[in-house]
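Visitor: I am attaching a structure below and will ask some questions about it afterwards.
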Amino acid sequence: MTRRGVLGLAGGVAAVGLVGCGRNSGQPESGGAKLRMAWWGNDLRNAQTTQALDTYLKQHAGLAIDPQPAEFSTYWDRLATQTAANDAPDLIQMSDWYLGDYGVKGALLDLTDHVDVSKFAPGTLDTGRVDGKLVGINAGFNTPVIMAHPKVLESAGVELPDDQTWTWDDYRALAVEITANSPDGTFGTGSPFSDKAFQTWLRQHEADVFLAEGGLGFAAAEAESYFALLADFLRDKAMPPAEAIVENEGKSLEQSALAQGTTGFAIFWSNQLAALTKAAGTEIAMLRLPTVTGSSADLKAWYRPSMLWSASSRSKHPDEAGRLIDWWVNSVECASICLDERGYPASTEVAAAISAKLTPEGRRVAEFIAAVEPELGDTPPAPPPGGGTVLGDILTRVHADALFGKINAKAAADQLLTESQSALT
């Protein structure tokens, strides 16, 4: 979400016309309901969503749906403007980063009595709760992973690690070896320092980014040790210099260093395996993140909703909105159309029913997700209002300052704490 989008939501922008409404699927029959449904996505998601909605409408003749797809870059500004004008879509594709921003302001409907979540896998539900209300329903989930390019490792004479026993020091040592044994411009790992690595590091130190009650869940000591780790990776040339890291961050997944074969490891989300495999033109290995102890039992992994479904609290048709969300997450019929494009289905029954229809990469992701279930930690709470800024703009800025050597580990930790506390007030 851009700063303008956040401010638009928080500041009560005057009512304005809607921006970029999608096509209208028609008017409902007399006495029927018309729902507006907003999501961000790509061509594949748009096509699948349209097909799913057409299927649903054939079974609900009295209903009409106005689809409002958008590019991610414009989605949040539009949603903030609509919400501030009390004209939000009935159904909203939501990110956990911003669920708290909308949830605490009463903008989202409590879906507890609208959606059956009894078959959801452990760890896939509570991220959707804000102030005790279930305002976001997991549309599909993933988990942070390290992707490895086997050909880069093979060329450097490095074997894939045992991801159930490797530590962060092992990770650094292998990356250093790959850099040393590879052509100039190829490095052991892309920068592992991101919101995914930061949260994993904190969780492995009995902390987290946020507390359930809404404040920061870490102290300066945990943050300083994380930035000290970053300094070690840079010092040992385990990863590219700061300039190359910043340049790579602006590239698409298809143009990323891992996909191009110029790095051995990189951290991604599990549901990005298929796209990386296609871009790289070779099978990509998927590994657990390292641990502090060298035991995957201490991984403290978590299932993150790749996105959620929410409904506007101002919807004139809350029951109809709730029924559509319920169908979306619990219907094998819908899942057979959308598969795992929005993430692996949270319903265990739905996931089992479509398993044979998944791509080879999709089946590998499903197997990986099942394998790490015993290694899950507590489900992280939904980020509080301002939490998306902490994990996005603030952490990115502090990472950059540390990468370019403008600040040391202690100063980075202090800066992160100070700016994050300000963002959450």
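Visitor: If you restrict to DSSP beta bridges whose two residues both lie in the chain, what percentage is antiparallel, to the nearest 5?
Guide: 60 percent
Visitor: Given the Cα-Cα distance of Lys58 and Arg235 and 0.36 nm per residue of separation, how much length would full extension add, in nm?
Guide: 57.6 nm
Visitor: Can you list, bin by bin at 20 Å, the percent of alpha carbon pairs in the chain, starting at 0?
Guide: Result, from short to long distances: 26, 57, 17, 0 percent.
Visitor: Counting only heavy atoms of the protein chains, get the accessible area per residue of the stretch 118-222 (1.4 Å probe) and round it to a whole Å² value.
Guide: Spelled out: the 1.4 Å probe surface of the stretch 118-222, per residue, equals 39 Å².
Visitor: Also, I was wondering about something else. Using every Cα-Cα pair within the stretch 200-265, state what percent have a distance larger than 20 Å.
Guide: That tail contains 49 percent of the Cα-Cα pairs.
Visitor: Using only protein heavy atoms and a 1.4 Å probe, report how much of Asp113 is accessible, in Å² to the nearest 10.
Guide: About 150 Å², rounded to the nearest 10.
Visitor: At 222 nm, what helix-only mean residue ellipticity would the chain give, in deg cm²/dmol to the nearest 500, using -39500 (n - 2.57) for each DSSP H run of four or more?
Guide: Rounded to the nearest 500, it is -12000 deg cm²/dmol.
Visitor: So how do 183-193, 341-351 stack up, highest first, on mean other-Cβ count within 10 Å?
Guide: Per-residue Cβ counts within 10 Å, averaged per peptide and sorted highest first, yield 341-351, 183-193.
Visitor: Still on this structure, please answer the following. Based on the mean of other Cβ atoms within 10 Å per residue, sort peptides 205-211, 388-394 so the most packed one is first.
Guide: 388-394, 205-211
Visitor: Between the stretch 132-176 and the stretch 284-316, what is the separation of their alpha carbon centroids in Å?
Guide: 13 Å
Visitor: Let me ask another. Here is the link list: Lys34/Lys58; Lys237/Lys406; Lys34/Lys105. Which ones come out longer than 22 Å on Cα distance?
Guide: Among Lys34/Lys58; Lys237/Lys406; Lys34/Lys105, the Cα-Cα distance tops 22 Å for Lys34/Lys105.
Visitor: Quick one: accessible area per residue over the stretch 53-102, 1.4 Å probe, rounded to a whole number of Å²?
Guide: It amounts to 31 Å² per residue over the stretch 53-102.
Visitor: How high is the FRET efficiency between Thr425 and Thr348 when r is their beta carbon distance and R₀ equals 56 Å, given to the nearest 0.05?
Guide: That pair, Thr425 with Thr348, gives E of 0.90.
Visitor: How high is the relative contact order of the chain, in percent, with contacts defined as C-alpha pairs under 8 Å that are six or more residues apart?
Guide: Rounded, it is 25 percent for the chain.
Visitor: Do you know the relative contact order of the stretch 284-421, to the nearest whole percent, from alpha carbon pairs under 8 angstrom that are 6+ apart?
Guide: 23 percent
Visitor: Using only the alpha carbons, work out the radius of gyration and Dmax of the stretch 159-271 in angstrom.
Guide: So, for the stretch 159-271, Rg and Dmax equal 15.0, 49 Å respectively.
Visitor: Note down the nm distance, to one decimal, between modelled labels 7 Å out along Cα→Cβ at Leu376 and at Ala212.
Guide: Here the answer is 1.6 nm between the modelled labels.
Visitor: So what's the stretch 378-425 giving for Cα Rg divided by 2.2 N^0.38 Å, two decimals?
Guide: Values: Rg = 11.6 Å, N = 48, 2.2 N^0.38 = 9.6 Å.
Rg over 2.2 N^0.38 Å, computed on Cα atoms: 1.21.
Visitor: Moving on. Can I get the semi-axes of the stretch 32-152's equivalent ellipsoid? Compute them from the C-alpha gyration tensor as square roots of 5 times the eigenvalues, in angstrom, largest first.
Guide: With the √(5λ) rule applied to the stretch 32-152, the semi-axes are 25, 20, 18 Å.
Visitor: Binned at 10 Å from 0, what are the whole-percent values of the Cα-Cα distance distribution for the stretch 247-313, short to long?
Guide: Values per bin, smallest distances first: 17, 38, 31, 13, 3.
Visitor: Where the centroid of each part is defined by its Cα atoms, how far is the stretch 66-117 from the stretch 209-232 in Å?
Guide: What the calculation gives is 29 Å, centre to centre.
Visitor: Run the quick spin-label model on Ser295 and Lys105: label points 7 Å from Cα toward the beta carbon, then report their separation in nm to one decimal.
Guide: 4.6 nm
Visitor: Just the accessible area per residue of the stretch 224-297, please: how many Å² with a 1.4 Å probe?
Guide: Working: 3080 Å² over 74 residues.
Value returned for the stretch 224-297: 42 Å² of accessible area per residue.
Visitor: Work out the length of the dipole vector of the chain about its Cα centre, built from +1 on the beta-carbon of each Lys and Arg and -1 on the beta-carbon of each Asp and Glu, and round it to the nearest 20 debye.
Guide: 980 debye
Visitor: What does the convex hull of the Cα atoms of the stretch 306-363 come to per residue, in Å³, rounded to a whole number?
Guide: Convex hull of Cα atoms, per residue: 78 Å³.
Visitor: Considering only the other residues whose Cβ falls under 11 Å of the Cβ of Arg397, what net charge follows from Lys and Arg at +1 and Asp and Glu at -1? Working shown, then result.
Guide: On the way: positive: Lys406; negative: Asp393, Asp401, Glu419.
Local charge sum for Arg397: -2.
Visitor: Quick check: convex hull over the Cα atoms of the stretch 125-216, volume per residue in Å³, rounded to an integer?
Guide: Each residue corresponds to 138 Å³ of Cα convex hull volume.
Visitor: Keeping the other protein chains in place, figure out the carbon and sulfur percent of the accessible area of the stretch 69-212, with a 1.4 Å probe.
Guide: Solvent-exposed carbon and sulfur of the stretch 69-212 make up 46 percent of the total.
Visitor: How large is the dipole of the stretch 163-260 about the Cα centre if only Lys and Arg carry +1 and Asp and Glu carry -1, each at its Cβ, rounded to the nearest 20 debye?
Guide: Roughly 140 debye, rounded to the nearest 20.
The values are calculated or read from the model by the stated rules, or taken from the named source; none is laboratory data. Owing to the predicted nature of the structure, the values given are computational and were not obtained by experimental measurement. Ideal geometry is used to build each Cβ from the backbone, glycine not excepted, and the neighbour counts take in all protein chains shown. All accessible areas refer to the heavy atoms of the entire protein, side chains included, with ligands and DNA or RNA removed. Shrake-Rupley method; radii C 1.70, N 1.55, O 1.52, S 1.80 Å.
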